[in-house]
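Everything on this sheet refers to the single structure shown next.
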Amino acid sequence: MSARTTLRLVIAALLLGLAVTLSVSGTAAPEPSIATLPTAKYAGAFVSWGDRGREFNLRKWEDELNQPRSSALAVDYYAHDKWSDFAEYRWVPLLWQRLNPSRNVVWSFPLTVKGTPLADVANGLHDREFAAAAQAIADAQPRAIIRIGWEMNSIGTPWFAKGQEQDYIRAFRHVVGIFRRYSSQFKFDWCPNWGRQELPADSVYPGDDVVDYIGMDVYDFKWPGNEEKRWRDRYLKADYGLEWHRDFARAHGKKMSYPEWGVGQFGDNPYFVQKMHDWFVQNDADIAYAAYFNVDGDWPTQLDTGNFPKSQAVFNKLFRRTPPR
């Protein structure tokens, strides 16, 4: 064996030993985590009203996640019981503004009210009401994200689009035009519910010129099968599921959003929290924001009530900010 060959073997052995040492000592690169990302875009939430308004509960949420004050997006819902609410509800965005002028809000905004067909909205019969609401939001949050006519593919919303698909598209486009008169900084989020639901979501896409973000609401439902199968079949690879959402948004040159997501209907399921976190990390460059639905609504989803201790623990571990040392 030559001296040169011997030297090569020694170097190779040293390198192998170094690799083993690094592996054993745990100095390999850690798994990516939202907790270490320099962003609060996943810290948004819809929180309960409490005694003084949602702002105070959102501050508690920020503190729990170790986020800077005013960094978390608020999610709220503009009234849609009757047309008169559109003007009378202006005090709510103004309350947000008074309590925290720096807080930005995702406004989930009705496209119509019960009993009024979408064609009437598209034809301008309620422009006055929409203008009053647009002015109120522009005065309080001129950079707001406006989530118009969300979950239009699910039965139960007054703007359920099945059977009036073209009227939904025309109404959406018409309302965006009204809002743009009052603030050029508004962003518009088109947000179906995940899965096929009662209507294929892409049949009512209103157009790239009136959409800034393509959203999706995602909840952990009580489907048959184990956790892995449910995640794969009902969320990741489902018709109009997460992969469809990603591909559809990319095809239209838009970032994704998740204005509502949460555990709850299935029960305490930290696996779902972990997988949503992983999906966010894997697609971080293509996501504008995400907001957890931390209010008990049609089914419990609120993490800090003691109903979901395992999910809460995993959520806090994964989403609580840990700045680099």
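When residues in region 53-91 are screened for being in contact with a strand residue (DSSP E or B) (Cβ under 7 Å, 6 or more places away or on another chain) and either in a helix (DSSP H, G or I) or basic (Lys, Arg) (or both), 4 of them pass. Hey, can you tell me all the residues within region 167-203 that are aliphatic (A, V, I, L, M), under 16 Å from residue 110 (Cβ atoms) and in contact (Cβ under 8 Å) with a residue 40 or more places away in the chain? Residues satisfying the conditions are 171, 175, 178. I'd like to check something: does region 265-277 contain any residue that is more than 24 Å from residue 190 (Cα to Cα) and in contact with a strand residue (DSSP E or B) (Cβ under 8 Å, 6 or more places away or on another chain)? Taking every residue of region 265-277 in turn, at least one turns out to be more than 24 Å from residue 190 (Cα to Cα) and in contact with a strand residue (DSSP E or B) (Cβ under 8 Å, 6 or more places away or on another chain). Note on region 285-310: residues that are of a type in the set (D, E, K, R) and out of contact with any helix residue (DSSP H, G or I) (no Cβ under 8 Å at 6 or more places or on another chain) total 1. The criterion of being part of a loop (DSSP other than H, G, I, E, B), in contact (Cβ under 8 Å) with a residue 12 or more places away in the chain and either surrounded by 21 or more Cβ atoms within 10 Å (Cβ to Cβ) or of a type in the set (A, V, I, L, M) (or both) holds for residue 206. If you check 40, 35, 45 for being surrounded by 13 or more Cβ atoms within 10 Å (Cβ to Cβ), at pLDDT 50 or above and in a helix (DSSP H, G or I), only one passes: 35. Restricting 56, 46 to those that are touching a Phe, Trp or Tyr at 6+ places or on another chain (Cβ under 9 Å) and aromatic (Phe, Trp, Tyr) reduces the list to 46. Based on this model, can you work out whether residue 189 counts as under 22 Å from the mean Cα position of the chain (by Cα), part of a helix (DSSP H, G or I) and closer than 17 Å to residue 254 by Cα? In short, no.
Any residue at all in region 135-152 that's touching a Leu at 6+ places or on another chain (Cβ under 6 Å) and over 19 Å from residue 89 (Cα atoms)? No, region 135-152 contains no residue that is touching a Leu at 6+ places or on another chain (Cβ under 6 Å) and over 19 Å from residue 89 (Cα atoms). For the condition out of contact with any Phe, Trp or Tyr (no Cβ under 7 Å at 6 or more places or on another chain) and crowded, with 19+ Cβ neighbours inside 10 Å, residue 68 does not qualify.
The values are calculated or read from the model by the stated rules, or taken from the named source; none is laboratory data. Computed from a predicted structure; not experimentally measured. No Cβ is skipped: glycine too gets one built from the backbone with ideal geometry, and neighbour counts run over all protein chains shown.
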